[in-house]
Each structure stands twice: as structure tokens, then as C-alpha cells.
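Nothing in this text is a laboratory measurement; each read-out follows from the coordinates by a stated rule. Since the structure is predicted, the reported quantities are computational estimates derived from the model, not experimental observations. We place every Cβ from the backbone using ideal geometry, glycine too, and count neighbours over all the protein chains shown.
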Amino acid sequence: MLKKEFKEKFLLIFLGIVTFFALKNFNYLWGSFCTFFNAIMPFIYALIIAYIINWPYTFIKEKFFDKIYKENPKISKTISMILAYIFVIGIITFLIVIVAPQLVLSFEHLINNFSHYVSFAEFYIKRILDFFNLDEDQMFYTIQNIFLTGNENFTVKVVNIAVDFIKNFALIMYNWVIGIVASIYFLFNKEKLISQLKKILKAFCSQKVYDATAYTMSLTCNCFGKFIVGKIIDGIIMGILCFVGTTLLSIPYAVLISVIVGVTNIIPFFGPFLGAVPSTFILLIIDPVKALYFVIFILILQQIDGNIIGPRILGNSIGISGIFIMFSVIIGGGIWGIPGMIFGVPVFAVIYSVVSKIINDKINKMK
């Protein structure tokens, strides 16, 4: 009994000392963690790619080639994997080929007519200032100061931004290339890697911990898969509906605006608003009346998505209420930026489900 109490006190003191030194050297530890995280980033990309490719790979393998190559599973896995990668890359290429030229034309047209749009915007601003009896010269002087402050270092800033962009782009491309190669290994050896992970858990964990870990991992995989696939499909549908609506309303830059709305719609709760703001700003410069039409149209479209399309696609895959979705998006965005806004919802949904299960199990035991 005394030996057990001594061990508990020693462990408590040890944890206290470790916590003290960790807090004292927090900046160093956080820097080391960030360095380590950046080093393993290609493998994180590989896991993400393998996770996405696993959906068509599993479908193709189980529905077709497992039946044909029963005695030679390696051939079934190889052919299924090749077709899965071709399928996903083909869809991405198709979207780029269809959408990219239209986006380039929209940007070129926007840049070529920018001076005309600025003059048009100045005309409306002057009318608004006259209507409210505001000092026009003071207003434009303030705007000029905002945009021209620090112009003496403008060239240096542009060069630094360009260098940082090239470095970041090269790093991202490197991570994606290594990630694609590593994802092939992860996917081909999926069963073996999962089996090894199970062995490690069984060797070092009790049966209770093993069961809880297996349940959490299964729940995480299921929740993330349904949420990500559902949001991608929802975003594509919203982009198509937005393109149809903006085309019928003769709103300029329909393709550009539809792509912005479709992509930002992947972000839960705040996504529609994030997509509508830059689109409305572009239209305000070009034609304020069209901007008003777009705002009314996007509000109607988001109501349709929130009450009809979204629930039909996602169903109960999230399993949390609207207030928790908003909470998880805000917290996730504050910690990890845009990726945190996207993945914060399924992460919170998994935590919510696990905590709910623990509470329900304890209540059932009490009863």
C-alpha cells in the first residue's frame, strides 16, 4: 500500500516538473514541434490523398476486380488503384480544362476594363457623398493616403512577396509530389499497416483502451469521409446552380463568381457569406444594380442549400446542432485558418460523439 502511494506521489511530482519546464521553454518546444510538423508534411499530404483515393479504389476493387482475380489479390489491388488514380486525376483535369480558360478570360476582361469600372465607381461614390452632404475632397484624400502610404518601399515589398510566393509554391509542389508517391504505398499496403497498428495497440494497451481507440478511429474515418465527400458534392452543385442563375440574370463574370461561391461553400456556416462578399464587391464596382440582384439571388440560393440540398447530401453525418457548427468553425479558423474552418466541424463532431458515448455509458451503469 505504501509502495503504491509512493509511486503515485513520485509520478505526480515528475509530471509537475515536466509541466514546469515545458511551460518555461514553450517557445522552443513550439518551434521544434513546427519544424517537425513541416518535415512530416509530405506524409500528411500522402494520408489525405490516400484517404480520398481509397473511396473509388475500394468501390472498384470490391465491385469488379475482386471477383475476377479471386486467386491473385495483388493484380486486383494494382488495377483498382491505377483506375482510382486515373478517375480522380481525370475529374480534376476535366474541371481545370473546363473552368480554367473561363477564369482566365474573366480575369483578363476584369483587368482590361478596370479603369472604366473605377470611373463608374467614382461616379456612384460622388452621388452618395452629395446625397449625404459629405466633403468629397476630404474623402478622396483619406482614401488616397490609405492606398499610397509606404509607396517608397513598394518595389521592395513586391519583390519580397514574389520571392515568398515562389518559395511557398515550390515547397507545396514538393510536398504534393512526395505525397502522391507515398500515398500509393499507403494505399497498396493499407491492410498490412492497419494490422500492424492493431498489434501495437494490443501489445501496449488494455482491451478497454484498445476497444475505445478502435471505436474512435472508426468513427473518425466514417465522419470525415461522409463530411468531406458530402461538402465537395454540395459545393459542385452550388457552383452549377449559381452559374445557371447568374447567367439567366445576365450578371457579368458568371463563371468566376460561381467558382468562388462553389469553393467557399465547402466551409460550413460562414462559407456562403465568404463567397458572396468578394463577388458582391466585384459587381459593386461594375454595376451596383447587378450587385443587388446577385445578393438577393445568393440569399435565396443559400436558403435552398441550407434547407434542401445540404441535408439531403450530408444527412446526419455531422450529428451536431447549428450552434456547435458555428462554434467549431470559429475555433478551428482561429487555430488553423481556412483548413481549420473546414475540418473543425468533423473534428468537433467526433469529440462530441465520443464524449456523448462516455456520458451515456456512465449514466447506464448508474441505472
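Couple of notes before you dig in:
- Cβ crowding within 10 Å averaged over residues, with 53-61, 25-33 ranked highest first: 53-61, 25-33
- Efficiency of FRET between Q196 and F21 - r from beta-carbon atoms, R0 35 angstrom, step 0.05: 0.55
- Over 21 Å (Cα to Cα) - which of K198/K226; K61/K192; K198/K362; K77/K190; K67/K202; K70/K202 fall in this group: K198/K226; K198/K362; K67/K202; K70/K202
- Fewest-first ranking of C242, C223, C34, using other Cβ atoms within 10 Å as the exposure measure: C34, C223, C242
- Each peptide in 292-300, 15-23, 340-348 gets a packing score, the mean of other Cβ atoms within 10 Å over its residues, and the list from highest to lowest is 340-348, 292-300, 15-23.
- Translational diffusion of region 205-367 was estimated from the Stokes-Einstein equation, with Rh taken as the Kirkwood radius over Cα pairs; at 4 °C and 1.567 mPa s the coefficient is 74 µm²/s.
- Label-point gap, in nm, between I111 and R127 - each point 7 angstrom along Cα→Cβ: 3.0
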